[in-house]
Amino acid sequence: MYPRHFQPSKLGFGRYFSNHMIDIDWDVKEGWFAPKIKPFQNFAIHPASKVLHYAQQIFEGLKAYYGVDGKIRVFRPELNMERMRRSARRSTLPDFNTREALLLIDELIRIDADLVPKTDQASLYIRPMMFATDQHLGIGESAQAKWACFTAITGSYFNYDRGIRLLADPEMVRSWKGGVGQYKMGCNYAPTIFVGK
């Protein structure tokens, strides 16, 4: 899953996953089920799950790294969780407790702490996400969902040796008034791939 000896410049972004993940199911009648931290593995998902048809999915991205004092740090994670909760509301996904989510993420990092790179050129990327798992077709508020989080040993997102090129397309727009551009939803990112081709 991950290289034991790595060069930060060769890591790329989000290719080498750590050993564990958080997995929590939710049901409109039962609420949140007990969270599990378990070995990193694939999800089993029903083909009719709403996430696959109507993009009811949200995510966040944080990084764990070593501070100058030798302690592992995550920069302002409570702000990421608050944004994730706003994204959940807009997607009609269930609300969750920020403090509880951060305690789980802290425990996940603690379990895989040996994978936090001891360099300022790489980090342990943290990807919390939530998606609708209702097993029927039809648009509507989600009645079942999954909240999960995994981590990956990650280098820089950009290759700074080549510089960064930016493109502002006058025709294609990712965000518009009344839209969802301010939320971390996969549906905001997929259309941008075409523009960058």
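Every number in this text was worked out from the coordinates using simple rules, so none of it is lab data. For clarity, every value in this text was computed on a predicted model and none was experimentally measured. Note: ideal-geometry Cβ built from the backbone for every residue, glycine included; neighbour counts use all protein chains shown.
Quick look at the values:
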| item | result |
| --- | --- |
| The range 17-100: GluC sites (Glu not before Pro) in DSSP coil with no more than 14 other Cβ atoms inside 10 Å | E30 |
| Net charge, R110 excluded, C-beta distance under 14 Å - Lys, Arg +1, Asp, Glu -1 | -2 |
| Coil-residue trypsin sites (Lys or Arg not before Pro) of the range 68-116, DSSP, other Cβ within 10 Å capped at 14 | K71 |
| Calculated log₁₀ intensity ratio I(q)/I(0) where the Debye formula runs over C-alpha points of the chain, q = 0.14 Å⁻¹ | -0.92 |
| Loop-located chymotrypsin sites (Phe, Trp or Tyr not before Pro) in the range 121-179, at most 14 other Cβ atoms within 10 Å (DSSP) | Y157, F158, Y160, W176 |
| Shape box of the range 18-113 [Cα atoms, principal axes, largest first, Å] | 48, 28, 24 |
